Every structure is written in C-alpha cells, then in structure tokens.
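Asker: One structure, as structure tokens, below. Some questions next.
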Amino acid sequence: MIVAIDGPAAAGKGTIAKDLAQQLNLAYLDTGSLYRAVGHAVLKAGGDPDTDADARRAAETLDIEAIDPVAIRTREVGAAASKVAAKPDVRAALLETQRRFAHHPPEGKAGVVLDGRDIGTVVCPDADVKLFVTASDEARATRRWLELKQADPDLTVGDVLADLKERDRRDSERASAPLTKADDAILLDTTDLSIEAAIHAALDIVGRR
Ligand code: CDP
Ligand code: CDP
C-alpha cells in the first residue's frame, strides 16, 4: 500500500504520516527533509540556493544517511529548501530516491507513506490513498511558531506567517511539480482539529479505501 500526503507548510502532514505509519505498519519518508537537506548543504558550503549550479551540485551529492535532523528544521533552511525545490535539476535528482522507497518498502512493512508537495501528483500518481492536508494560514503559523520559539524567543507569529506565505507561494507557483491537490486526493482541513482528531480522520479515510 502507498499512502501519499501533500499540503502546504505546517498543515500537520508529518504528524499524521508518522502516526499512520506506526498504526498501519508502513515505512515513512518525509520528502521535505530531502529538500531541506539540499538547502542546508548549499548554505553550509557558502553557496546561493537561487543559483542553479550550487543547488544542483548539492542535490546530486546528497548523502541521505548524513542528514542532520535538527539543523534542517530552521527558518533559514526552510526558505532555502523551497528555493532549491523550484529547480527541475534538483527535483530530478531526488525523484529516483523517492520512487525507489515507495516501490520497495523495507522487509516486513505492509507499504509506505510519503509526505511532501508532489507525492500524489508526480512521485506516486498511482498511490492507493491520497490525502491533501491543509489548515488556515493562522493555524499553521501558530503551530510552527510554537515549535520554533524555543530556539528563537524574539520570533513572532507574524514572522512565521510571512515565511510560510512566501514559501507556499513559491511552492505553488513554480513550473516544476507545483504544490497542488491531485484530482483524486481527499481534502483534510485540520484547522479546528486536535492532533488526535486529525489522525482519527486520516485513519478513517485510509480505512475506507
Ligand atoms: O508536516 P507539516 O509541516 O505539514 O506539519 P507537522 O510538522 O506535522 O505539524 C506542525 C505542527 O503542528 C506540529 O508541532 C504539530 O504538533 C502541530 N499540529 C497541531 O497542532 N494540530 C494538528 N491537528 C496537527 C499538527
Ligand atoms: O515541514 P514543512 O511543511 O515546513 O516543509 P517541508 O515538508 O519540510 O518542505 C520544505 C520545502 O521543501 C517545501 O517548502 C518545498 O519547497 C519543498 N518540498 C517540495 O518541493 N516537494 C516535496 N515533495 C517536499 C518538500
């Protein structure tokens, strides 16, 4: 079984995906972490995420085993990720890894769940279940602010809202695999849902398939 979860930043995709993976014995791939790792590598090398050659080199030499899960979660890396993610060469370099994971689940797993922006449209158009998870801009910004403010006490919800809107705009307007709901994806709006209620709704959708 392949479950595809797409949607804008901080909508609750990863939270839902991880829980589905645990409850349904699926392997989980956070595809955003791949783009974040490419963005992080460009910044670390002193490159420019808007420069094609810098972004392509980082994507083509990405070592997935070496991704630093803490370092890739910053605001700066999020912005760099969405810049490198607009580049067709970067997307091409990461596509094979994602498809291989989707079609060859680790031994003992009943299938996979992937979350990102283009899983239901480009990476796994043949997925068994597609969810498009969303929430209001304000709910998403508040959720992400709660995560980031420990490391940056001066950060405001307004700062985070501006970041998310800019990133969503870039992700939706790019020519290559833009963020968009697949025709056969089921919309799940988590604005007024607790984490438990959102997971329950997602399990219900998967169960009906
Ligand atoms: O993966 P994505 O960026 O879409 O979102 P996430 O990392 O799963 O969720 C962003 C934050 O919102 C996390 O801190 C979740 O705990 C929180 N969240 C929430 O408060 N209510 C929900 N219904 C879902 C997630
Ligand atoms: O967790 P959050 O929703 O903030 O973002 P993410 O899932 O970690 O993704 C970071 C960035 O990677 C996004 O803003 C997109 O630009 C890009 N991305 C993408 O283009 N395609 C994917 N399948 C996943 C992420």
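The values are calculated or read from the model by the stated rules, or taken from the named source; none is laboratory data. Remember, it's a predicted structure, so these values are computed and weren't measured experimentally. Cβ sites come from the backbone with ideal geometry, for glycine too, and all protein chains shown count toward neighbours. In case anyone asks, the SASA skips ligands and DNA or RNA and just uses the protein heavy atoms, side chains included. Shrake-Rupley method; radii C 1.70, N 1.55, O 1.52, S 1.80 Å.
Asker: Could you tell me whether VAL206 is modelled with pLDDT of 95 or more, within 16 Å of ligand 2 (Cβ to nearest atom) and not polar (S, T, N, Q)? Can you show your working first?
Answerer: Values: modelled with pLDDT of 95 or more: yes; within 16 Å of ligand 2 (Cβ to nearest atom): no; not polar (S, T, N, Q): yes.
No; evaluated as a whole, the condition is false for this residue.
Asker: Just to be sure before I move on: is VAL42 more than 15 Å from the chain's Cα centre (by Cα) and away from ligand 1 (no atom under 16 Å from the Cβ) in the structure I sent?
Answerer: On the way: more than 15 Å from the chain's Cα centre (by Cα): yes; away from ligand 1 (no atom under 16 Å from the Cβ): yes.
Criteria met by VAL42.
Asker: Kindly indicate whether any position in the range 147-160 is open to solvent by 20 Å² or more (accessible area, probe 1.4 Å), part of a helix (DSSP H, G or I) and within 13 Å of ligand 2 (Cβ to nearest atom). Walk me through it before giving the result.
Answerer: Within the range 147-160, the first condition is being open to solvent by 20 Å² or more (accessible area, probe 1.4 Å), and the residues that meet it are 147-154, 156-159.
This time we only want the ones that are part of a helix (DSSP H, G or I), so: 147-148, 157-159.
From what's left, within 13 Å of ligand 2 (Cβ to nearest atom): 147-148.
Within the range 147-160, one or more residues are open to solvent by 20 Å² or more (accessible area, probe 1.4 Å), part of a helix (DSSP H, G or I) and within 13 Å of ligand 2 (Cβ to nearest atom).
Asker: I need a count of the residues in the range 1-32 that are more than 10 Å from ligand 1 (Cβ to nearest atom), among the hydroxyl-bearing types (Ser, Thr, Tyr) and either part of a strand (DSSP E or B) or open to solvent by 10 Å² or more (accessible area, probe 1.4 Å) (or both). Step through it out loud before you land on a result.
Answerer: Taking the range 1-32 and keeping what is more than 10 Å from ligand 1 (Cβ to nearest atom), we get 1-4, 20-29, 31.
Narrowing further to those that are among the hydroxyl-bearing types (Ser, Thr, Tyr): 28, 31.
With either part of a strand (DSSP E or B) or open to solvent by 10 Å² or more (accessible area, probe 1.4 Å) (or both) added as a condition, the list becomes 28.
Selection size over the range 1-32: 1.
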